[in-house]
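The values are calculated or read from the model by the stated rules, or taken from the named source; none is laboratory data. All values derive from a computational prediction rather than experimental measurement. Every residue, glycine among them, receives a Cβ derived from its backbone with ideal geometry; neighbour counts consider all protein chains shown.
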Amino acid sequence: MRPALSLCAAALVATTLGAAGSPPPHPDDPRLARFYGQRVDWGPCPATFEDSMRCGRLTVPLDYGDPARGTVDLALTRFPATGPHRLGSLVLNYGGPGGPGVSALGERIQDLGRTERYRDLAESYDLVAFDPRGVGESAPISCGGALPLKHPDSADGAALLRDTEAAQRACRARSGPVLPYVGTVNVARDLDVLRQALGERKLNYLGWSYGTRIGVVYAAQFPGRTGRMALDGVDTLSDSLADQALETARGQQRAYDAFLDWCAALPGCVFSGVTRTEANERTAALVAELDGRPLAAKGGAKFDGQDLALALENNLYGPSQWPALARGLGALVRERDPSGLLESAAPDEDNVAAAWAAVSCADYPDRGVGGDPVAFQRQLDALRPRFLAASEVFGPGELTEIAYCQGWPAPTDPTSAIHGVEGPPVLLVGGRGDPATPYPWTEQTARVLGNAVVLDHKGEGHTGFGRSRCVTQYVERFLLEGRLPHSTAVCPAEGIDAEGHETVEPPRH
């Protein structure tokens, strides 16, 4: 690894953005003039989008350190502000890695007439979304369906490594020149080119989940160009892949415990009247049983224990999913019928899975044992007790994720190098019941961003904006009025009724 970048006296960067990376770009850099000089030529969107939405493209360099290497065209969409008092553009990212922003905003704008979510923001801001490089319609990468790995088994490290290496070969063969450049540091640099192309002096931004990582990396590189930034469901910058997987297993278990408590109180629910401990034991036993004797599913497929764990995981993102999960789990337990869980056990599609792996491996430097199967098995065996202690249901599957970056090239711009950021205040929303971005990551990121203000949401589910009235009002107050709480604020847990509807409360001042 080459030495970390030195700090620029002109305050273009407020932190160290580590090894082997190029300094943050500047609009006055003559090599980047053609990129920073763009304006978006907005045109029609696909017919499925709302009529007033416009779509366009933005050209960015593959490599900001060497713009002559080539370019990437990014897909964009914009929903113009509906009110008379426009505040500018608000750029949105819904998460991932691997989540396309263009189609996501298109779907949400179609819901404007049925929900209050975004209504106030859409009145004052042009809402803008983009597909990050390597994702969606922005030079999408592919691993030919080799990811996610099919039914990985931490007990057979050699096979896990072979499958991982085969997937990496497929990724390199199918993804084109963008693959080495999909890391979050470059995505954040693209965001600055977008800011300029939108004619904005500063970036106003709302990011969820992985979108929070993009936001923090942007604020680290461009503190002087950071406007109002709200980050909901805060991702980690620095945890190793093994620590991320372990914390995620803990978060999933906490969320499943909340589901079990809700289910236990409902007559007729699959675990009605059953203690949390007993329900967890029954679930773990069912996972083990299905791993040994999978059930037949539609189309000749098999439904095994890891399929069940994945279905549970994908139904814990919010209480609104709990009734369907209870029905599907009930049919499985009582009738040996997995049909109600099959859709949520389906793996991510190719581009989403490929981008998740490629971005993770670009952002985090740990490479395990470098492809040695014997040493890798020792590593798996050493970690297994910690993962099982975190969750007998979710731990085994999360443990296999440490294989994904074994043998992948070392990153040139690891996000773990970011520290000591000093810029404008940023609002961080952390959820105590979040299964995907556990609350400790909010605390960790608050230490990185010296001027962060934390909103501590005591409720369940992944992210709070649009679901918790309290969280939504704090976020909107900041983005629309620039007002932040003076210190950590608290949003109470919502009540959850038998249909999974959350009762909401306004902010407490």
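Some observations on this one:
- The one condition in (1) surrounded by fewer than 23 Cβ atoms within 10 Å (Cβ to Cβ); (2) β-branched (Val, Ile, Thr); (3) closer than 24 Å to Asn351 by Cα that Val91 fails to fulfil: (1)
- Some residue of the stretch 323-338 being within 21 Å of the chain's Cα centre (by Cα) and on the phi < 0 side of the Ramachandran plot: no
- Residues that are crowded, with 19+ Cβ neighbours inside 10 Å and within 17 Å of Ala166 (Cβ to Cβ) within the stretch 369-401 comprise Phe376, Thr400, Glu401, listed in sequence order.
- The condition (being surrounded by fewer than 24 Cβ atoms within 10 Å (Cβ to Cβ), in contact with a Lys or Arg (Cβ under 9 Å, 6 or more places away or on another chain) and within 21 Å of Pro24 (Cα to Cα)) is satisfied by just one residue among Val178, Val270: Val178.
- For the stretch 341-348, the criterion of a residue being modelled with pLDDT of 95 or more and in a helix (DSSP H, G or I) is satisfied by at least one position.
Matching residues to (1) within 18 Å of Phe222 (Cβ to Cβ); (2) among the hydroxyl-bearing types (Ser, Thr, Tyr); (3) not assigned by TED's automatic domain parsing to the domain that holds Asp111:
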site: Tyr36; (1), (2), (3): yes, yes, no
site: Arg39; (1), (2), (3): no, no, no
site: Gly43; (1), (2), (3): no, no, no
site: Pro46; (1), (2), (3): no, no, no
site: Phe49; (1), (2), (3): no, no, no
site: Ser52; (1), (2), (3): no, yes, no
site: Gly56; (1), (2), (3): no, no, no
site: Pro61; (1), (2), (3): yes, no, no
site: Ala68; (1), (2), (3): no, no, no
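Yes or no, residue by residue, for (1) farther than 30 Å from Val454 by Cα; (2) free of Cβ contacts under 8 Å to residues at least 24 places away in the same chain; (3) among the small types (Gly, Ala, Ser):
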{"position": "Leu308", "(1), (2), (3)": "yes, no, no"}
{"position": "Val333", "(1), (2), (3)": "yes, no, no"}
{"position": "Leu342", "(1), (2), (3)": "yes, no, no"}
{"position": "Ala346", "(1), (2), (3)": "yes, yes, yes"}
{"position": "Pro373", "(1), (2), (3)": "yes, no, no"}
{"position": "Phe376", "(1), (2), (3)": "yes, no, no"}
{"position": "Gly395", "(1), (2), (3)": "no, no, yes"}
{"position": "Cys405", "(1), (2), (3)": "yes, no, no"}
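- Applying the criterion of at least 3 residues that are among the β-branched types (Val, Ile, Thr) to the helices (runs of 4 or more DSSP H) found wholly in the stretch 359-465 leaves 439-448.
So that you can scan it fast, the table gives a plain yes or no per residue for (1) closer than 25 Å to Leu399 by Cα; (2) touching a Cys at 6+ places or on another chain (Cβ under 6 Å); (3) not assigned by TED's automatic domain parsing to the domain that holds Gln444:
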site	(1), (2), (3)
Gly215	no, no, no
Tyr218	no, no, no
Gln221	no, no, no
Arg225	no, no, no
Arg228	no, no, no
Val234	yes, no, no
Leu246	yes, no, yes
Gln252	yes, no, yes
Ala255	yes, no, yes
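- Inside the stretch 430-468, residues that are surrounded by fewer than 24 Cβ atoms within 10 Å (Cβ to Cβ), charged (D, E, K, R) and touching a residue at least 40 places away in the same chain (Cβ under 8 Å) make up a count of 2.
- Options Ala284, Ala288, Ala279: the member that is part of a helix (DSSP H, G or I) and in contact (Cβ under 8 Å) with a residue 60 or more places away in the chain: Ala284
- Residue match in the stretch 73-89 (condition: in the same structural domain as Gln473 (by TED's automatic domain parsing) and part of a helix (DSSP H, G or I)): no
- Scanning the stretch 52-65 for residues that are assigned to a loop (DSSP other than H, G, I, E, B) and either of a type in the set (Lys, Arg) or in contact (Cβ under 8 Å) with a residue 40 or more places away in the chain (or both) yields Met53, Leu62, Asp63, Tyr64, Gly65.
- Flag for Tyr118 being among the hydroxyl-bearing types (Ser, Thr, Tyr), assigned by TED's automatic domain parsing to the domain that holds Lys202, in contact with a helix residue (DSSP H, G or I) (Cβ under 8 Å, 6 or more places away or on another chain) and farther than 22 Å from Arg225 by Cβ: yes
- Flag if Gln196 is among the polar types (S, T, N, Q) and more than 26 Å from Leu58 (Cβ to Cβ): no
- The listed residue being crowded, with 20+ Cβ neighbours inside 10 Å, touching a Cys at 6+ places or on another chain (Cβ under 7 Å), at pLDDT 95 or above and not in a loop (DSSP other than H, G, I, E, B), out of Val475, Val471: Val471
- Contacts under 8 angstrom Cβ, first residue in the stretch 191-217 being acidic (Asp, Glu), partner modelled with pLDDT of 95 or more and not in a helix (DSSP H, G or I), 6 or more apart: Asp192/Leu203; Asp192/Phe222; Glu200/Gly88; Glu200/Ser89; Glu200/Gly227
- Restricting attention to the stretch 226-253 and to residues that are in a loop (DSSP other than H, G, I, E, B) and on the phi < 0 side of the Ramachandran plot, the residue that is surrounded by the most Cβ atoms within 10 Å (Cβ to Cβ) turns out to be Val234.
- Residues of the stretch 279-299 satisfying the condition of being surrounded by fewer than 16 Cβ atoms within 10 Å (Cβ to Cβ) and either among the basic types (Lys, Arg) or closer than 19 Å to Leu316 by Cβ (or both): Glu281, Arg282, Arg293, Lys298
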